[in-house]
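Below is one structure, written out as structure tokens; comments come after it.
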Amino acid sequence: MQRDEMIRQLDKAAGPWDIIVIGGGASGLGAAVDGASRGYRTLLLEQHDFAKGTSSRSTKLVHGGVRYLAQGNISLVLEALRERGRLKKNAPHLVKDQSFVIPCYTWWCVPFYTAGLTLYDLMAGSLGIGRSVPLSAGGAKRALPNIKTAKLRGGVRYFDCQFDDARLAINLCQSLVDLGGYAVNYMKVTGLLKERSTISGVVARDEETGKEYRLQAKAVINATGVFVDRVIKMADPDARDVVKPSQGIHLVVDRRFLKGEEALMIPRTPDGRVLFAVPWHNRVVVGTTDVEKQHSDLEPEAEEEEVDYILETAGRYLDEKPGRNDVLSVFAGLRPLAAPSGSTAKTKEISRGHKIIVSGGGLITLTGGKWTTYRKMGEDVIDLAARRAELPFKKSVTRSLRIHGYREGVSHDNPRYWYGSDEEAMMALVERNPETGEVLSEKLGVIAAQVIRATASEMARTVEDFLARRIRALQLDVTESIRIAPRVASLMAKELGTDQDWEKTQVESYTALASRYLLHQAKPDDS
């Protein structure tokens, strides 16, 4: 997967593409992989880097959605539970079972959630991953050693899955290329082509060189997440907005705040929200919030109120209350909620289901949804695109398609397990060139070979691409990621054939960005 090769293919491409997908996040990658797997000539264009936005800022869960069950959204939960099982089978190197414990402090909590979660298990059918069980107060304490025990009556254990979102995005992009498709990052779509008022392609600009491309396509799919309205308005300036952005933030803290391997789940906080504290890459991710936003930003920032809410709420349930100075990283993401016309519902009440909209001369827009259902979203939108473009009918095969890197039985004690089958090639590089085994960070388990591989084979173009998404340093430990940024820049510069000015600019740019993932110093009244 090399960007220079992708650009060469664009330069010599003849005739229209069957499908052009705009957007390199979960929904766009799902659509492109599904299209290429059917043999359609497929091209994906991303204005920045793959999974730059929402798709790298999730709660890291592959789940049916316990709270959606509580809302009565049975069809969404059924779909998500099926997709959870399929994703676990198709990408076992990235998706693993994760047990959750709901601590109960009222008499009704244990029977109520045991009954609901038993239904949740039954809905998964043959794709279920574990049986929900009630726990005594002692059992809940053993499962969550850091939980507050005052008035603790028991708990309920249930199962969902955990994954690494940005790594799945990279593996999907590699799968797309494996299947004969093409993908280009830093290729911004600036306009749409039309023939007799029908969308016939896109105008795109290479953000690295400034070169413009006019690319013909039989079908154009808008899968740009929170930015879908911008593309829709390229086709129809008077079109109404179809997305209602909702911001969710997460705080990353040390594992001492949640010892053991089980996750904490509070299904209803005092203000009616949901709180997760989940072990992830030897850290703990705590979140999330649900705040309506008026505008979509590529780099959203956590609001002070959101941070205070998570710290205060987590402190109600954990023996040791995390403070601002304990936060290793804070990241914010915008959910592209498919809000109905005229909806006044709060964002936490809007369905996480996906919608497909055809507008503006045949532009196909895919919006809503979540990572868990990315594959089904891709299948649905390609079914429609193929019909409208009169492409030869071919049934989707992605239900059982093994994702690039597929490997069973990976050891999560290995800090580089997320490479799956690709780890062998990377470690072979170390054997041939021992200097590539240089340890850049003991804390994060990063070696030079990872930088080289990301640049040569995973289309990383900037220091941010590597530290934020090819590995997860930006979300795991901001300060450590800033420390190693100069060495990363030096290694990337050598691979890309750039100079010291590039290195300097990259380090400055990354440091400025990463600083936004740090909390301000503790306030005087912080405990």
Of THR313, THR269, which residue is over 21 Å from the mean Cα position of the chain (by Cα), at pLDDT 90 or above and either more than 21 Å from ARG67 (Cα to Cα) or not basic (Lys, Arg) (or both)? THR313
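This table checks each residue for (1) among the aliphatic types (A, V, I, L, M); (2) not in a strand (DSSP E or B).
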residue	(1), (2)
LEU215	yes, no
VAL220	yes, no
VAL231	yes, yes
HIS250	no, no
ARG273	no, yes
VAL278	yes, no
VAL284	yes, no
Identify, please: which residue in segment 85-119 is among the β-branched types (Val, Ile, Thr) and surrounded by 19 or more Cβ atoms within 10 Å (Cβ to Cβ) and is, among those, farthest from ARG399 (Cα to Cα)? VAL110
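Residue-wise test of (1) surrounded by 14 or more Cβ atoms within 10 Å (Cβ to Cβ); (2) in the same structural domain as ASP178 (by TED's automatic domain parsing); (3) within 18 Å of LEU176 (Cα to Cα).
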{"residue": "LYS370", "(1), (2), (3)": "yes, yes, no"}
{"residue": "ALA385", "(1), (2), (3)": "yes, yes, yes"}
{"residue": "SER396", "(1), (2), (3)": "yes, yes, yes"}
{"residue": "GLY405", "(1), (2), (3)": "yes, no, yes"}
{"residue": "GLY409", "(1), (2), (3)": "no, no, no"}
{"residue": "GLU423", "(1), (2), (3)": "yes, no, no"}
{"residue": "GLU431", "(1), (2), (3)": "no, no, no"}
{"residue": "THR436", "(1), (2), (3)": "yes, no, no"}
{"residue": "LEU440", "(1), (2), (3)": "yes, no, no"}
Can you tell me which condition ARG82 does not meet? The list is (1) part of a loop (DSSP other than H, G, I, E, B); (2) surrounded by fewer than 23 Cβ atoms within 10 Å (Cβ to Cβ), and all the others hold. (1)
Enumerate the pairs (first residue in segment 265-284 and among the small types (Gly, Ala, Ser); second residue anywhere and buried (at least 20 other Cβ atoms within 10 Å of the Cβ)) with beta-carbon separation below 7 Å, excluding pairs fewer than 6 apart on the same chain, so at least 6 apart or on different chains. ALA277/LEU258; ALA277/ALA263; ALA277/LEU264; ALA277/VAL284; ALA277/VAL286; ALA277/ALA314
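Based on this model, can you work out whether ARG469 counts as in a helix (DSSP H, G or I), among the basic types (Lys, Arg) and without any contact (Cβ under 8 Å) to a residue 60 or more places away in the chain? Before you say what the answer is, go through the steps one by one.
Numbers: in a helix (DSSP H, G or I): yes; among the basic types (Lys, Arg): yes; without any contact (Cβ under 8 Å) to a residue 60 or more places away in the chain: no.
For ARG469, the condition - in a helix (DSSP H, G or I), among the basic types (Lys, Arg) and without any contact (Cβ under 8 Å) to a residue 60 or more places away in the chain - is not met.
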Under 21 Å from the mean Cα position of the chain (by Cα) and crowded, with 24+ Cβ neighbours inside 10 Å: does that describe CYS161? no
Please go through segment 13-57 and pick out each residue that is farther than 24 Å from ALA235 by Cα, among the hydrophobic types (A, V, I, L, M, F, W, C) and touching an Asp or Glu at 6+ places or on another chain (Cβ under 8 Å). ALA51
Within segment 34-50, track down each residue that is of a type outside the set (Lys, Arg) and within 17 Å of THR398 (Cβ to Cβ). ASP34, GLY35, ALA36, SER37, GLY39, TYR40, THR42, LEU44
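The values are calculated or read from the model by the stated rules, or taken from the named source; none is laboratory data. Values in this document were obtained by computation on a predicted structure and should not be read as measured data. Backbone-built Cβ (ideal geometry, glycine too); neighbour counts: all protein chains shown.
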